[in-house]
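Comments concern the structure below.
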Amino acid sequence: MPLHVVDHPLIQHKMSILRHKDTGPKEFRELVEEIAMLMAYEATRNFPLEPVDVETPLETTRMRAFLGKKVAVIPILRAGLGMVNGILQLIPAAKVGHVGIYRDHDTLKPVDYYSKFPEDLAERDVLLLDPMLATGGSASAAIEFLKSKGARSEAIKFVCLVAAPEGVRRIDETDNVVDIYTAALDRCLNSFGYIMPGLGDAGDRMFGTR
Ligand code: PRP
Ligand code: URA
């Protein structure tokens, strides 16, 4: 399973502030957006380019561009929403779908409640966003959901900020073709299913509600 731990110094610096318990919602949101943008730089590395001729003031030159490139950015609600704008700053033409999944507090099983995807999902590269990969239940459910709507496994990249080994294994069992990009691979889950050392509940910290 392709796991990419993106440990660029800028990302690691921002992650250290993001994880701190005293970082408030405003700064937390800004950091999630900034780190997502930096992660997108790596997650889009193998997107194909097409040749274009560009007229500079002096002559015509052959360049390469994202021509016809189709991307869907799909946050897992709620916390994935915080990553969307960072990615759209780099890929403004991307379409944005949504998948609503929450994790039942007692069973830790994913519960889905909403979805809206671009109609031509099958033709798009998909960046599936959620800052937290814990048991992997939510991400795996989202991946299965996307595939049932036509998305191709090889076109799906799951982009998160903190991953637990348990979640990485779960995605691998669900579909070992899907690429995972994370800013950190943490130690383990605790008995309540929280990532250790993690950063707590990402959605709660982002939006200030429980
Ligand atoms: C968090 C997080 C992931 C999920 C990860 O969402 O944003 O979606 O938990 O846990 P898992 O890998 O064990 O499924 P949460 O369920 O708290 O939903 P919410 O942010 O909408 O409240
Ligand atoms: N979801 C979160 O937001 N944080 C965790 O540590 C685990 C699941």
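Among the candidates Asp130, Asp179, which residue alone is within 27 Å of Leu38 (Cβ to Cβ) and away from ligand 2 (no atom under 14 Å from the Cβ)?
Criteria check complete, one pass: Asp179.
Counting only residues that are open to solvent by less than 10 Å² (accessible area, probe 1.4 Å) and not in a loop (DSSP other than H, G, I, E, B), which one in segment 78-100 is nearest to Ala142 (Cα to Cα)?
Val99
Out of the residues in segment 175-210 that are surrounded by 13 or more Cβ atoms within 10 Å (Cβ to Cβ) and of a type in the set (Ser, Thr, Tyr), which is nearest to ligand 1 (Cβ to nearest atom)?
Here the answer is Tyr194.
Could you list all residues from segment 118-151 that are near ligand 1 (Cβ under 10 Å from one of its atoms) and either at pLDDT below 95 or crowded, with 24+ Cβ neighbours inside 10 Å (or both)?
Residues satisfying the conditions are Leu129, Asp130, Pro131, Met132, Leu133, Ala134, Gly136, Ser138, Ala139, Ala142.
Taking the criterion of being among the β-branched types (Val, Ile, Thr) and touching a Leu at 6+ places or on another chain (Cβ under 7 Å), would at least one residue in segment 111-124 satisfy it?
No, segment 111-124 contains no residue that is among the β-branched types (Val, Ile, Thr) and touching a Leu at 6+ places or on another chain (Cβ under 7 Å).
Based on what the data block shows, is Ala134 over 21 Å from Val5 (Cα atoms) and among the hydrophobic types (A, V, I, L, M, F, W, C)?
no
Whether any residue in segment 154-174 is surrounded by fewer than 22 Cβ atoms within 10 Å (Cβ to Cβ) and outside any helix (DSSP H, G or I) is what I want to check.
No; the residues of segment 154-174 include none that is surrounded by fewer than 22 Cβ atoms within 10 Å (Cβ to Cβ) and outside any helix (DSSP H, G or I).
The values are calculated or read from the model by the stated rules, or taken from the named source; none is laboratory data. These numbers come from a predicted model, not from an experiment. Virtual Cβ from ideal backbone geometry, glycine too; neighbours counted across all protein chains shown. Areas reflect the complete protein model, heavy atoms only, side chains present, ligands, DNA and RNA absent. Shrake-Rupley method; radii C 1.70, N 1.55, O 1.52, S 1.80 Å.
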